[in-house]
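The values are calculated or read from the model by the stated rules, or taken from the named source; none is laboratory data. These numbers come from a predicted model, not from an experiment. Cβ placement follows ideal geometry from the backbone for every residue including glycine, while neighbour counts extend to all protein chains displayed.
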Amino acid sequence: MNKGNSLKLFSSICTCTYVFWLSILSPSLTLFQDGDGLIHLYQKFIIDFETKINLLKVAHFAILVSRQYPMNEASISYLEGVIQRVRATKKCKKLLEYGKSTLDRMANIDPSVCTQFYWASVLYHKYQKEYFECYMNVMLFLAYASEESMSHSFKLDLAYCVSVFALLGENIDNFGELLAHPIIKGLQGTELDWFYEFLKVFNS
């Protein structure tokens, strides 16, 4: 599925979810109006993509959920948590965009600066579940990072994570570049050797 279709699908899911939430307000639908059904629905489903929905819809969702908390303190704490997550995500995105534009204007940058920037980008996109961007930023991180400075366990974890990002990311049609990287080759002869072979099968 290409990125355009994925965005349309995600938009449709958000719209359907929003329509469902609006239907909850109907007097004839009491399943989620009583008890803590909306709280569980938000915590186990909506929270995974709350930062990607239109902010007005997020606010509407959050207000409906807050009404189901029996104590005012819990309701306020929940709303503050939603606000903090949305603010943090927006702030992080702006900081990364500023960092990227700054790096693009600089010359003779110390590799350690680049590794820190690309690693921060990996963590942000991982939180956003943007796996293609995760993969690209890990590869950029590896282009500047010194393998000698990484522990064996960190390299194994990184090799596994970047491989998963490659499998989940859109528009990654082959793993030739990934399989050729020393970090990935480090999976051979370890407990993750099977995963290396798994990638080779997908690349053939």
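One residue is enough: does the stretch 125-141 have a residue meeting the conditions part of a loop (DSSP other than H, G, I, E, B) and basic (K, R)?
Scanning the stretch 125-141 turns up at least one residue that is part of a loop (DSSP other than H, G, I, E, B) and basic (K, R).
Residues of the stretch 89-104 being of a type outside the set (D, E, K, R) and under 24 Å from Q43 (Cβ atoms), which ones?
If the condition is that a residue be of a type outside the set (D, E, K, R) and under 24 Å from Q43 (Cβ atoms), then T89, C92 are the ones that fit.
Looking at (1) surrounded by fewer than 17 Cβ atoms within 10 Å (Cβ to Cβ); (2) at pLDDT 85 or above; (3) among the aromatic types (F, W, Y), which is the only condition Y124 fails?
(1)
Mind listing whichever residues of the stretch 60-102 are farther than 28 Å from A120 by Cα, assigned to a helix (DSSP H, G or I) and at pLDDT below 75?
If the condition is that a residue be farther than 28 Å from A120 by Cα, assigned to a helix (DSSP H, G or I) and at pLDDT below 75, then H60, F61, A62, I63, L64 are the ones that fit.
For the stretch 106-121, enumerate the residues that are surrounded by 16 or more Cβ atoms within 10 Å (Cβ to Cβ) and among the small types (G, A, S).
The answer is A120, S121.
Search the stretch 66-88 for residues being among the small types (G, A, S) and closer than 14 Å to Y42 by Cα, and hand back the single one that is surrounded by the fewest Cβ atoms within 10 Å (Cβ to Cβ).
The extreme case among them is G81.
Please determine whether any residue of the stretch 91-105 is under 26 Å from G186 (Cα atoms) and either in contact with a helix residue (DSSP H, G or I) (Cβ under 8 Å, 6 or more places away or on another chain) or surrounded by 18 or more Cβ atoms within 10 Å (Cβ to Cβ) (or both).
No, the stretch 91-105 contains no residue that is under 26 Å from G186 (Cα atoms) and either in contact with a helix residue (DSSP H, G or I) (Cβ under 8 Å, 6 or more places away or on another chain) or surrounded by 18 or more Cβ atoms within 10 Å (Cβ to Cβ) (or both).
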